[in-house]
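Worksheet for the structure shown next.
Every number in this text was worked out from the coordinates using simple rules, so none of it is lab data. Computed from a predicted structure; not experimentally measured. Cβ sites come from the backbone with ideal geometry, for glycine too, and all protein chains shown count toward neighbours.
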Amino acid sequence: MTDMNEKTVKVLCLHNLGSNSKKMRRSMQPYIGALEHRRGHMRFEWFFPDAPYMLPGSHNGGLGAAASSAKDDPSVSPASMHMDPINVALTLVSLRRALDAEAFNEVERPTKLARKTKKQSDEALVPLQDRIGHDEEAIRRAESILDSEAPDEHQARWWQIPSDAKAFPGPWIGNEHSIACLGAYIDQHGPFDGVIGHSGGSLLAHYCHGLLAGTLDPKQERLFDVKRKEARRPFRFSLTFAPYYPSNAMHAGYLAMSAQSRLRPLILSGKRDEITPPRELHQFGSLHVADPRSKVVCQAFASLVDAQAVWTHEGGHSIPRDRELVERIADWLERQAIEAPEVPSRRSQQVVAHL
């Protein structure tokens, strides 16, 4: 029987590159279970959206499988190894959506934040369009797949990479479309008390928080559309697993601006995390390139978002499942659900009207 005085704590969980909502839910299951078995007057409710893009060849194992097959030929693009019509259509539709959303937002951006990738992105469309031709059925099927909940085998992501080559070269584009999708999700299911992000999902978590809190200019992300007033409430607490530091200066600036709201996340970093830092972080403050990669990335991320604490664990670029650490994090989540104050929004009524 449900306690009439029971408080519901809603938490938004954003997966990492190459994962999806189902995999993220499984990764979070130890924490969900730990909090379900505790007594008290709180009930945690978990929400797991899918990123709107898919890795090329996701039906065939994705970039990871392709890269291992192409290891003897560095010139081979993993995307080119999965050129059946559906995968071509998925890549084409994803890139189109990314570019359309980017162009829509470009109108309001100052020159210093203008995109510098249009030529490369437009060139990436040409071979895809040539390959798909007039296969409208493949396009329709791709749109249906992208607009549906991801099945277990699909590998989703929050960004697009026009070249999609083996070594994951830039530029990373398309956060505008992802933010638009998350805005619609928050409008439908929010407001949320907390947000949990794994790797790249943590970047989107903080971007959305900055928009909700009014520390990011809504004119730069005009597609973030949260219509219901109650759903516009900023997150009260944030947990980041295996942070990823953006190489794009604008995205790094987004993180810094979101920190002005004093969200102050808890960060979990694995000692065996082999994530490669961007060139900009080869020397960050007192950290030198000889430091473990995870330490360089984690400390840079923590500094940008003004983290309240950084906890380490023995794992890698993952969500830890060690029982003792799970209970410790569950304790933290429980305390935050009780104690974390409402984050005031800086948005005026005029700004809210744009969202």
Query raised in the report: Contour minus end-to-end for PHE104 and GLU339, with contour as 0.36 nm per residue of separation and end-to-end as the Cα-Cα distance?
Result: 80.6 nm
Query - FRET E, pair ASP152, TRP311, Förster distance 30 Å, beta-carbon r, rounded to 0.05 - result: 0.50
Requested in this report: Quick one: which residues, 5+ away or cross-chain, put their amide H under 5 Å from the amide H of LYS10? H built at 1.01 Å from N.
Outcome: GLU45, ASP193, GLY194
Report summary line: Taking r as the C-beta separation of ARG26 and TRP332 and R0 as 25 Å, the FRET efficiency to the nearest 0.05 is 0.75
Query raised in the report: At what distance in nm do the modelled label points of LEU125 and ARG140 sit from each other, each positioned 7 Å from its Cα along Cα→Cβ?
Result: 2.3
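In this model, which of LYS219/LYS271; LYS119/LYS271; LYS10/LYS227; LYS10/LYS229; LYS7/LYS271; LYS118/LYS219 are farther than 28 Å apart at the alpha-carbon? Please list the in-between numbers first.
Working: LYS219/LYS271 39 Å; LYS119/LYS271 39 Å; LYS10/LYS227 19 Å; LYS10/LYS229 17 Å; LYS7/LYS271 36 Å; LYS118/LYS219 20 Å.
Cα-Cα > 28 Å for LYS219/LYS271; LYS119/LYS271; LYS7/LYS271; rest within.
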Query raised in the report: Residues with amide H under 5 Å of MET54's amide H, sequence separation 5 or more or different chain, H placed in the peptide plane at 1.01 Å from N; which?
Result: ARG157
**Report entry** Label point distance in nm, ALA184-LYS118, each placed 7 Å from Cα along Cα→Cβ
**Finding:** 2.6
